[in-house]
Structure formats: C-alpha cells, structure tokens
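What follows is a single structure, written as structure tokens, with notes after it.
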Amino acid sequence: MSTFREDGAAALDWVASYLEDIRDYPVLSQVEPGEIRAALPSAPPEQPEPFAAVLRDLDQILMPGITHWQSPRYFAYFATTAAEPGILAELLIAGLNQVGILWRASPALQELEEVTLDWLRQLLGLPDPLHGHIEDTASSGLITALTAARAAAPDRKVVVCSEHTHSSTIKAARLLELEVRATPVDAAYALQADALDLSDACAVVATVGTTSSTAVDPVAAIADRAEAAGTWLHVDAAYAGAAAVCPEFRHHFAGWERADSIGFNPHKWLFTPMDCSAFFCRRPDDLRRAFSLVPEYLRVNEDVVSLSEYASPLGRRFRALKLWATLRCFGRDGLQEIIREHVRLAELFEQWVADEPGWELRAPRHFSLVCFRRIGGDAENAAIMERVNDSGQIFLSHTKLDDRFVLRLAIGNARTSEADVALAWDVLREAATAG
C-alpha cells in the first residue's frame, strides 16, 4: 500500500506535468453529453482502491471531458489562471481543513482573511476603512449586497441595473423577491445615468467591465444619484477589478470608492484558483444587521465579531491562504506586469481585426476583451465559432450586441503569449474561409 507522501508526490508530479504539457490538449472538451458518465462505474466500490487508480482513471476517463481553463489558448468567457502558488496553497487548505464558523474556531483563518483583504484594498487603490471578506463567487456577493440593501430599506422592493448587467443580479433579485428595473445603455453599452429611475429602489448595481463587452458604467454619476435617493450602490467589478492594480487603468473605476459594496473576483484575472471572490463594504453594520445570528452554542467570551456575521454562510473555507500566497509570490510588480501584457495583447489583436478586410470590431475595448465578428450574417459567425472550437486549438465564446452575434476573445491566462494570440487569429481566419 502506498503512503500519503508517495501519493502526494505522484499527484504533484501529475499537476506539474499537466501544466507543462497544457498546450498539447484540445482546449474545449470533445466528448458528447453522457460520454463520461457512461465510462464510470454505476455503483461505488466494495473494497478500498489505491490512489494510483484514481490518477489512472483521471487520465483515461476524465481527461477527455475536461475543458482546459488552464490553457493559454482558452479565450472564452473570461479566461482564468490557477497559478502555482495558489495550487500549492489549496493543498495546504485541504490539509488544515479549517472550518471558520467563528473567530475561536480558527483565529488564523479570520485574521489572515482580514489582513489579506486589506492588502487587496491597497493594491486596488480603494480607501480605508473598508470591511472586506471573501465569498465563493461574485454571485454570492450580489446576494449579500442585495440582502443588506433590502434590510436597510425594507419598504423598497426594486433593484435597478443596466440592461447588460450580469445574470446573477437577476437571480439574486429573484431569490430575494425583488423587482428588477433595467436601465438602457448608450452606444458603448454603458448604463445611461440620466435614465436611472431609483424610485422605490433599495439598490442599484453598476458594472465596471460588463460580461458581454466589458463596458464601464458611469459609476461616479450613478453614485450621485444613489446618494441623493438613499439607495444602496453595489459595483460589480468581478472581472475588471484586477485592472485597478495598475494605476493607469484606474480612471475606469472613478467613483467606485463611493459604493456601499464592491464585488471582485481574484479567481478571474488575479491568478488565484477558483473559488475566491472579494467583497468590500463601507457599511459593515448594515451587513451585521442583516446577517448576524449567533445561537447559544456559538456564544463565546471573546469580544470579536466573526466573519460569519457579515454574510449568509456559517462555515467558511481557508480561502485567504491561497489569495495570500498568490499576492506574496507575485507581488504588486508581478501582477501589474501580467495584466499590462494581457491588455497589450488584446490591443494587438484588436488592431489585427481592424486592419483585416471582411472583419469588424463591435465594442470599445477597455481591458483585455475584444468583441468582433466577420462582416456578414449571424449564422456565418456562429459557424466560424463552431469550426474554431471543434478544432481544439483554441476556445472562444460569443454574445449578442445590438441583437447581432458577436465573437469574444478574452485574454486572462497568465501563460498566454503573443504566439498564442497570433495562433488564435490564424485559426479564426482559416475557419472563416473554410465555409
């Protein structure tokens, strides 16, 4: 029987080899629905199996069904990276297996999270003081924000947002039985602040870096309106927030320091493994009024407010450890270098599209996402995307802007090089002529 040390070494070697060979895999999984399920046993094992058997089946059964988010040629949705420091920290997190139900249950978990979120606040150029804690995703953060907003203004039942807001806003409002009031956007797909109707609104959600086009809502103007109406302002910067690490991009975030809450995902463009979403709030007392519930079995003598009093989950993972490791091992300089390179590569790809006859850009580029299409019909563009993705060389996704099918190339993987982006452009042009 192998030991934990031997199995651990084998697992670490597997991950290292996978990352070294990542370009050899088709980026988008090529299996059909149900294919992985059919290859797995229908009943659990009766006898213990060695961990080596798990690694064997990972290779033989599961890997064909993996879409490789770690690939430098992954350009769909918002590209991500689980960088090596965070991967190793995940092992430590699992080994320590902390359950942060209250401060006493893991003082290191809570206090590291508080310090790390304050480091992140400083890196983003946000003001002090701000309460910060980690949620699993920005979707959960939206539920936290809207719950606090509703509790602070219980007679108001409306959430106002852009018609290009993320679907998580609509889902959070549905869960909380709130009405959604969508506000039209301008030619650049940003919310029109002069069209805001905040009557009966407990919250307004502004976005810096919308999902479809990374449009930037006019947060400062929205903050003026929200302040006058007494409406909670939440800023969704789930993708784009990382760009604020670079001072030259902070003009896109003007006014977000006035928000009542902000959501930002280090697991998107700050190279931290999924799941790690930062939530900042300048009204922590309102969070506690909405969420704090301390049963008798959790009552203690320490005069400490536990993180479980600021959101709905009681238990929390030691997520701060992987964010802390990532920030330490990259440093401000390392983070800025990669983000700037991604923006440069997006600008380069944008120029290639602009210069190529038969192609067009479809939205302003603010960060590292380019929205473009082949001049022609929607069916042709959809077919191009399918041919590209079926090739396995790269993976793209799409959206609709002005009711037209638009291709999206999102750069966000720390391993992506100019050669990878050039390959994407070659594959796209080849796919356009193959039809």
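The values are calculated or read from the model by the stated rules, or taken from the named source; none is laboratory data. The structure displayed is predicted, hence computed values, not measured ones. Note: ideal-geometry Cβ built from the backbone for every residue, glycine included; neighbour counts use all protein chains shown. Each accessible area value is taken on the protein alone, full model and side chains, heavy atoms only, with ligands, DNA and RNA left out. Shrake-Rupley method; radii C 1.70, N 1.55, O 1.52, S 1.80 Å.
Carbon-plus-sulfur fraction of the accessible area of the stretch 98-178, 1.4 Å probe, in percent?
53 percent
Can you give the extra length, in nm with one decimal, that the chain gains between R5 and W119 once fully stretched, where that is 0.36 nm per residue apart less the Cα-Cα distance?
37.6 nm
Order the following by accessible area, largest value first: I61, I134. Probe radius 1.4 Å; ligands, DNA and RNA are ignored.
I61, I134
With a 1.4 Å probe and all protein chains left in place, how much accessible area per residue does the chain have, in Å²?
Result: 45 Å² of accessible area for each residue.
Multiplying the sequence separation of I170 and E347 by 0.36 nm and subtracting their Cα-Cα distance, what value in nm do you get?
Result for the pair: 60.5 nm of gain on full extension.
Could you pull the accessible area for Y25 with a 1.4 Å probe, rounded to 10 Å²?
For Y25, the solvent-accessible surface is approximately 70 Å².
Assuming R0 = 51 Å, can you tell me the calculated FRET efficiency for the pair D155 and N301, based on Cβ-Cβ distance, to the nearest 0.05?
0.85
May I ask you to rank C329, C371 by accessible area, largest first, using a 1.4 Å probe over the protein chains only?
Per-residue accessible area, sorted high to low, gives C329, C371.
Give me the one-decimal nm value for the distance between modelled label points at K400 and D355, 7 Å along each residue's Cα-to-Cβ direction.
Calculated label separation equals 3.4 nm.
Within the accessible area of the stretch 193-302, what % is carbon and sulfur when the probe is 1.4 Å and the other protein chains stay in place?
That fraction is 49 percent.
Could you work out how much longer the chain between L40 and R340 gets when fully extended? Use 0.36 nm per residue separation minus the Cα distance between them, nm to one decimal.
Additional length available on full extension: 103.7 nm.
Checking the cross-link filter: which lysines have an alpha carbon closer than 24 Å to that of K268, excluding same-chain neighbours under 8 positions apart?
K171, K322, K400
Roughly how many nanometres apart are two label points built 7 Å out from the Cα toward the Cβ at D13 and L293?
Computed distance between label sites D13 and L293 equals 5.0 nm.
Round to a whole number: what % of the accessible area of the stretch 345-398 belongs to carbon and sulfur, probe 1.4 Å?
C and S atoms contribute 49 percent here.
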